[in-house]
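Data block below; observations after.
The values are calculated or read from the model by the stated rules, or taken from the named source; none is laboratory data. Model, not experiment: these values are computed from the prediction. Note that we place each Cβ from the backbone using ideal geometry, even for glycine, and neighbour counts take in every protein chain shown. Accessible surface is based on the protein model in full, side chains and every heavy atom, while ligands, DNA and RNA are left aside. Shrake-Rupley method; radii C 1.70, N 1.55, O 1.52, S 1.80 Å.
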Amino acid sequence: MSVHIGGQPGDIAERVLLPGDPMRAKWIAETFLQDAKCYTQVRGMLGFTGTYQGVPVSVQGSGMGMPSASIYTHELINEYGVKSVIRIGSCGALAPDLQLGDVVAAIGSATDSNMNRSRFDGLIDYAPVADFGLLRTAVEVAERQGTAIRVGPILAADAFYTDRPDLYDALADYGVLAVEMESAAIYTIAARYGAKALTILTVSDHIKTGAKMDSAQREQGFGDMVRIGLETAIT
Ligand code: ADE
């Protein structure tokens, strides 16, 4: 086992879906995977491996925020040989024309986090980006499934609650679609250690209008996103 994951080598598939919420990992495993087995409960951050259409897939909770997501991404790739990581999660919309339930694929991830600045000694603004092959596959899968998918840049923020909504307006002016809290770190770590990464999100709230999904909308919307993520993972 690694420091934060209780599985043995071989317990985790090369293709991993990475929801932030461990209970969502459980729901995905129980709802979408065959023969799913829990391989870790360390710190309540559940992980499961099963098969999807006959292909081994794991689903690992990553927790909230970049420090937590970094730990799981790093250990999955470096200790368990994971080759592709697809974050699935929720986001707050910044683009005025996004609606609750819309699915977003993050081509790149701006961030206010210091994690990448410190990697490059404050001298480079590294641009964390999605793996192009995974992104293209996700778009094709969504089209086949009849789910609209919006591709564009997002913001990975350190704080859920902000005192600077003006910065969110400025980012929207530059075409940034939405805000979440993990993608920049996941993209960076995957790039650093030779794995592929993609982030697919469902709009759960709108920063400008204050609209929020209810639980029924969440389940349906998240189901569409999970199907895109799983189909992309096994392609
Ligand atoms: N995830 C879902 N909604 C969010 C928001 N408004 N800010 C950051 N992350 C989010």
How many nm is it between the label spots at Thr162 and Val55, if each spot is 7 Å from the Cα in line with the beta carbon?
-> 3.5 nm
Restricting to the chain, compute how many DSSP beta bridges are antiparallel as a %, nearest 5.
-> 40 percent
So, in Å, what gap is there between the alpha-carbon centers of the range 16-44 and the range 172-235?
-> 17 Å
For His74, His206, write out the residues from largest to smallest accessible area, computed with a 1.4 angstrom probe and no ligands counted.
-> His74, His206
Is any helix in the chain, taking whole DSSP H runs, at least 27 angstrom long along its axis by alpha carbon and on average at least -0.5 on the Kyte-Doolittle scale, and which ones?
-> 215-234
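Any idea what the dipole of the range 6-98 comes to, in debye rounded to 20, about its Cα centre with Lys/Arg Cβ at +1 and Asp/Glu Cβ at -1? Spell out each step's value before the answer.
Numbers: 7 positive and 8 negative charges, 11 e Å.
The dipole of the range 6-98 has a size of about 60 debye.
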Distance in Å, no decimals, from the C-alpha centre of the range 51-89 to the one of the range 113-152 is 15 Å
Largest fluctuation, Gly54, Gly175, Gly65 only, Gaussian network model of the chain with Cα springs under 10 angstrom, belongs to Gly54
If amide H atoms are built 1.01 Å from N in the plane of the peptide, which residues on other chains or at least 5 residues away come under 5 Å of the amide H of Thr40?
-> Gly47
With Cα springs under 10 Å, the Gaussian network model of the chain assigns the largest mean-square fluctuation among Glu182, Glu79, Glu14 to Glu79
Name the residues whose placed amide hydrogens come within less than 5 Å of the amide hydrogen of Asp112, ignoring near sequence neighbours (fewer than 5 apart) on the same chain.
-> Ala156, Asp158
Surface share of carbon and sulfur [accessible, 1.4 angstrom probe, percent] for the chain | 52 percent
Between Asp125 and Gln8, what is the spin-label point distance in nm, taking each point 7 Å from the Cα along the Cα→C-beta axis?
-> 4.9 nm
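If you stretched the chain out fully between Gln41 and Arg144, how much longer would it get, using 0.36 nm times the residue separation minus the C-alpha to C-alpha distance?
33.6 nm
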Which lysines does Lys212 reach when only Cα atoms under 21 Å apart count, and residues fewer than 8 places away in its own chain are ignored?
-> none
Theoretical gain in end-to-end length, Arg117 to Ala211 [0.36 nm per residue, Cα-Cα removed] = 30.5 nm
Starting from the Cα of Asp169, move 7 Å in the Cα-to-Cβ direction to define the label point; list residues of the range 94-116 whose amide nitrogen is under 19 Å from there.
-> 94-98
When the Kirkwood radius is taken over all Cα pairs of the range 66-109, what Stokes-Einstein diffusion coefficient follows at 4 °C and 1.567 mPa s, in µm²/s?
-> 101 µm²/s
Express as a percent, rounded to the nearest 5, the fraction of DSSP beta bridges in the range 1-138 (both residues included) that run antiparallel.
-> 60 percent
Estimated dipole of the range 124-235 in Debye, rounded to 20 [Cβ of Lys and Arg +1, of Asp and Glu -1, Cα centre] = 320 debye
Positive dipole terminus of the chain, leading residue within Ser183, Phe32, Leu155 (C-beta point charges) | Phe32
Return an integer: the convex hull volume of the alpha-carbon atoms of the range 6-73, in Å³ per residue.
-> 74 Å³
Which residue, Ser84, Ser118, Ser62, tops the fluctuation ranking in a GNM of the chain built on C-alpha contacts under 10 Å?
-> Ser118
Rg and Dmax of the range 1-154, using alpha carbons, in Å: what are they?
-> 16.2, 48
Could you state the accessible area per residue of the chain in Å², with a 1.4 Å probe and every protein chain left in place?
-> 46 Å²
Relative contact order as a percentage, the chain, C-alpha pairs under 8 Å and 6+ apart, gives 26 percent
Derived scalar couplings ³J(HN,Hα) [the range 197-205; Karplus, 6.51 cos²θ - 1.76 cosθ + 1.60; whole Hz; x for Gly, Pro] = 9, 8, 10, 10, 10, 10, 5, 9, 7
When only the heavy atoms of the protein chains count and the probe is 1.4 Å, how do Phe120, Phe160, Phe48 rank by accessible area, highest first?
-> Phe160, Phe120, Phe48
Can you list residues whose amide H is under 5 Å from Ser2's amide H, if they're 5+ apart or on another chain and H is modeled 1.01 Å from N?
-> Gly7
Accessible surface, 1.4 Å probe, highest first, among residues Arg164, Arg117, Arg24 | Arg164, Arg117, Arg24
